[in-house]
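I have placed the structure first, in the form of structure tokens, so that the comments after it can refer back to it.
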Amino acid sequence: MKTYKQLYILVFVLISSTAVVAHDEFSQWYINDEMANLYEVIKEISSESLISNSSKTIVYDILRDYIYKVDEYGEYFTKEEYKAFQDSTLPNYAGVGIVLYQQKRDEDIISIFVNKSAKKANISKYDKLISVDNKPVKGENFYLVTSRIRGELNSFVKLQFQKKSGKIIDIKLKRTEQYIKSVNKIIRDDYVMLEIIRFTTETPYELLKELQKWPKNIPLIIDLRGNSGGNLYSAINSADLLLPKKTLIVSMQTKTEISHYYASKPDYTKGQNIILLQDNFTSSSAEVFIAGLTQNNKAQSIGIKSFGKGVAQKFIQLSHGDALLLTYAKIVTPNGKTYNKKGLSPTSNLSLEEFIEK
């Protein structure tokens, strides 16, 4: 009966997206012919088939496959996977100074930020992660992979990467105390720029500190290449710092309503040119930031077309500790258009050097 109830709770999520199930609903669920048939099939497979998995594994596979079928960015997280996600949002941890990225389940995991010590070990931006401690990462939950790279302070982890050239490298790195800022100041010979690695809860505060001390006569260059998104509302609040009050930043359209987000803070720019750098890995919340500035004629963007993830997701934690990641809204830019699966084209064909000289 215990297994029966577990299966009920898990499969019920598939049709109702609710985490709380009353006892009287249980009998109503079993009266449903389709769900009763599903339970019977799972029961027979787990008990009779020579190649069967446990009933719990079967249900997880059904849920994951169905969610991914109807929602390309959706996912079903076990309790362990959801905790790994929550841990991944912590700014302080023991790790190796690499920020990883995966756009969709089963796609490659690549590095989008590499600190100095990792660079010395020959790891570069956009290298593909192959294994962690000799265990292949393909098919693994992204957040469980990143949790295996983190660990006890001063311990070691073995990583295997594939370079753009196809060359495979094996490295062993020591885990040290990490605090990776989302906004970093990059100084080049000809220019200075801010790099936003990913939008976190700290990004608006880190960006504001840089804006308050940014010289008036120097163009504000913000590098969003490789920025896979992150916290949507942090991206909105970051764009808010660069726009006049009451400027429309973005709109969110759900099944039932459309919400508009306007700038409400002072404009902290000082009249200088704003240049945004983007590439095909620039996605999601980073695209919201770019569209909010470029479509309000506050910035120019250069590079190549962005990824095109114009939808928003949210986590729904279930009563037994698992969680759903579901797409709940379409993103609508200030010009009233969507860019999902289309991406944002740069507003200028100039190179960064040409733009600066201009």
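The values are calculated or read from the model by the stated rules, or taken from the named source; none is laboratory data. On a predicted model such as this, the values are computed, not experimentally measured, just so you know. Neighbour counts run over all protein chains shown; Cβ positions are idealised from the backbone, glycine included.
Report the residue count in the range 165-209 for those that are acidic (Asp, Glu) and assigned to a loop (DSSP other than H, G, I, E, B).
Here is the first cut: in the range 165-209, the residues acidic (Asp, Glu) are 170, 177, 189-190, 195, 202, 206.
In the following step, the residues that additionally are assigned to a loop (DSSP other than H, G, I, E, B) were identified as 189-190, 202.
Summing the residues that are acidic (Asp, Glu) and assigned to a loop (DSSP other than H, G, I, E, B) in the range 165-209 gives 3.
Only one of the numbered conditions (1) surrounded by fewer than 16 Cβ atoms within 10 Å (Cβ to Cβ); (2) touching an Asp or Glu at 6+ places or on another chain (Cβ under 8 Å) is violated by Lys116, and that is (2). The residues of the range 164-176 that are touching a Lys or Arg at 6+ places or on another chain (Cβ under 8 Å) and either of a type in the set (D, E, K, R) or under 21 Å from Glu81 (Cβ atoms) (or both), listed by number, are Asp170, Lys172, Arg175.
Output the residues belonging to the range 303-340 that are charged (D, E, K, R) and in a strand (DSSP E or B). Steps first, please.
First pass over the range 303-340, keeping only residues charged (D, E, K, R): 305, 309, 314, 322, 330, 337.
Scanning the range 303-340 gives Lys314, Lys330.
Is it true that some residue in the range 212-235 is free of Cβ contacts under 8 Å to residues at least 60 places away in the same chain, within 22 Å of the chain's Cα centre (by Cα) and over 18 Å from Val99 (Cβ atoms)? Looking for residues that are free of Cβ contacts under 8 Å to residues at least 60 places away in the same chain, within 22 Å of the chain's Cα centre (by Cα) and over 18 Å from Val99 (Cβ atoms), one finds at least one in the range 212-235, hence yes. Whether a residue is of a type in the set (Ser, Thr, Tyr) and farther than 19 Å from Asn280 by Cβ was assessed, and Tyr76 passes this test. Whether a residue is buried (at least 19 other Cβ atoms within 10 Å of the Cβ) and touching a helix residue (DSSP H, G or I) at 6+ places or on another chain (Cβ under 8 Å) was assessed, and Ser234 passes this test.
Counting only residues that are polar (S, T, N, Q) and at pLDDT below 95, which one in the range 257-273 is nearest to Leu208 (Cα to Cα)? Walk me through it before giving the result.
Narrowing the range 257-273 to residues polar (S, T, N, Q): 259, 264, 269, 272-273.
Filter once more, so that each one left must be at pLDDT below 95: 269, 272-273.
Numbers: Thr269: 10, Gln272: 16, Asn273: 17 Å.
My answer is Thr269.
For the residues Lys314, Lys337, the requirement of being closer than 23 Å to Tyr261 by Cα and without any contact (Cβ under 8 Å) to a residue 12 or more places away in the chain singles out Lys337.
Taking each residue of the range 145-171 that is polar (S, T, N, Q) and looking for partners that are assigned to a helix (DSSP H, G or I) with beta-carbon atoms closer than 8 Å, six or more apart or interchain, yields Thr146/Ala84; Thr146/Ser88; Ser147/Ala84; Ser147/Asp87; Ser147/Ser88.
Can you tell me which residues in the range 149-180 are among the basic types (Lys, Arg) and crowded, with 16+ Cβ neighbours inside 10 Å?
First, the residues of the range 149-180 that are among the basic types (Lys, Arg): 150, 158, 163-164, 167, 172, 174-175.
Result: Arg150, Arg175.
Here is a list: Lys245, Lys265. Which entry is surrounded by fewer than 23 Cβ atoms within 10 Å (Cβ to Cβ), in contact with a helix residue (DSSP H, G or I) (Cβ under 8 Å, 6 or more places away or on another chain) and assigned by TED's automatic domain parsing to the domain that holds Leu208? Among Lys245, Lys265, only Lys265 is surrounded by fewer than 23 Cβ atoms within 10 Å (Cβ to Cβ), in contact with a helix residue (DSSP H, G or I) (Cβ under 8 Å, 6 or more places away or on another chain) and assigned by TED's automatic domain parsing to the domain that holds Leu208. Ile290 meets the conditions (1) under 25 Å from Met193 (Cα atoms); (2) in a loop (DSSP other than H, G, I, E, B); (3) under 23 Å from the mean Cα position of the chain (by Cα); (4) at pLDDT 95 or above in every case but one. The failed one is (2).
Hey, any hits in the range 194-203 for a residue that's assigned by TED's automatic domain parsing to the domain that holds Pro334 and surrounded by fewer than 18 Cβ atoms within 10 Å (Cβ to Cβ)? Within the range 194-203, one or more residues are assigned by TED's automatic domain parsing to the domain that holds Pro334 and surrounded by fewer than 18 Cβ atoms within 10 Å (Cβ to Cβ).
Checking every residue in the range 126-137 against the condition of being among the aliphatic types (A, V, I, L, M), in a loop (DSSP other than H, G, I, E, B) and either in contact with a strand residue (DSSP E or B) (Cβ under 7 Å, 6 or more places away or on another chain) or in the same structural domain as Thr282 (by TED's automatic domain parsing) (or both) gives at least one match. Would you kindly identify the strands (runs of 3 or more DSSP E) lying entirely within the range 61-120 that contain at least 2 residues that are out of contact with any helix residue (DSSP H, G or I) (no Cβ under 7 Å at 6 or more places or on another chain) and either under 19 Å from Leu144 (Cα atoms) or modelled with pLDDT under 90 (or both)? Counting at least 2 such residues, we get 92-95, 98-101, 110-114. Of the residues making up the range 42-59, just one is closer than 25 Å to Lys79 by Cα, free of Cβ contacts under 8 Å to residues at least 12 places away in the same chain and in a helix (DSSP H, G or I), namely Thr57. Selection of the range 316-326 for residues being surrounded by fewer than 17 Cβ atoms within 10 Å (Cβ to Cβ) and at negative phi yields Ile316, Gln317, Ser319, His320.
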